[in-house]
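As structure tokens, the structure follows; a few thoughts come after it.
Just so it is clear, none of the values below were taken in a lab; they were calculated from the coordinates. Remember, it's a predicted structure, so these values are computed and weren't measured experimentally. Note: ideal-geometry Cβ built from the backbone for every residue, glycine included; neighbour counts use all protein chains shown.
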Amino acid sequence: MANIAVIQTGGKQYIVQEGQELKIEKLELEVGSSFEFDALLVSDVEATSTTVGAPAVSGAKVMVTVLDNGRADKVHVIKYKSKSRYRRNVGHRQPFTKVKIEKITA
């Protein structure tokens, strides 16, 4: 069954399928633990049926397993103003949680 769902976490929405791995905003969960998201939209590709929730589809859940917690590559933020000897270089590493979509139930 090729289900597609839309979940929301960390202020962002993600289109997910079963077996997919993705990096989301950091969650305070242990590696190996599982939890579930409410689905905002569920679509069955084979039956061409789509259910949209308001805001979530009742009874639709997305089961997720935590694979890893980490930090992304460093992003350099450089500020420069000409003719004033102003230069600033600041680095940032965004924390993330890598998860695997185990099951989508509608």
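Applying a threshold of 32 Å to the alpha-carbon distances of 79/100; 26/83; 74/100 flags 79/100; 26/83 as lying beyond it. Under a 5 Å amide H cut-off, with hydrogens placed 1.01 Å from N, residue 96 pairs with 70, 71, 72 among residues at least 5 apart or on other chains.
Considering only alpha-carbon pairs that sit under 8 angstrom and 6 or more positions apart, the relative contact order computed for segment 60-106 is 55 percent. Pick from 82, 49, 34 the residue whose mean-square fluctuation is largest in a GNM of the chain, springs joining Cα atoms under 10 Å. Residue with maximal mean-square fluctuation among 82, 49, 34: 82. Which chymotrypsin sites (Phe, Trp or Tyr not before Pro) does the chain hold that lie in a coil by DSSP with at most 10 other beta carbons within 10 Å? Sparse-neighbourhood loop chymotrypsin sites (Phe, Trp or Tyr not before Pro): none present.
A crude spin-label estimate for the pair residue 94 and residue 73, with each label 7 Å from Cα along the Cβ direction, gives 1.4 nm.
In this structure, the amide hydrogen of residue 18, modeled 1.01 Å from its nitrogen in the peptide plane, lies closer than 5 angstrom to those of 3, counting only residues at least 5 positions away or on a different chain.
Taking all Cα pairs closer than 8 Å and separated by 6 or more residues, the relative contact order of segment 1-99 comes to 28 percent.
A straight chain from residue 17 to residue 51 at 0.36 nm per residue would run longer than the Cα-Cα distance by 10.7 nm. With each label point set 7 Å from Cα along the Cα-Cβ vector, what nm distance links residue 27 and residue 65? It works out to 1.4 nm between the two label points. Stretching residue 102 away from residue 58 to a fully extended chain increases their span by 13.9 nm, per 0.36 nm per residue minus the current alpha-carbon distance. If you plug the beta carbon distance of residue 9 and residue 86 into 1/(1 + (r/R0)^6) with R0 = 30 Å, you get a FRET efficiency near 0.20.
Looking only at GluC sites (Glu not before Pro) in DSSP loops with at most 13 other Cβ atoms within 10 Å, what is the longest site-free stretch of the chain? Segment 47-106 is the longest. Comparing 32, 59, 11 in a Gaussian network model of the chain where C-alpha atoms under 10 Å apart are linked, the largest mean-square fluctuation is found at 11.
Based on the Stokes-Einstein relation at 37 °C and a viscosity of 0.692 mPa s, and on the Kirkwood radius from alpha carbon pairs, the chain is assigned a translational diffusion coefficient of 207 µm²/s.
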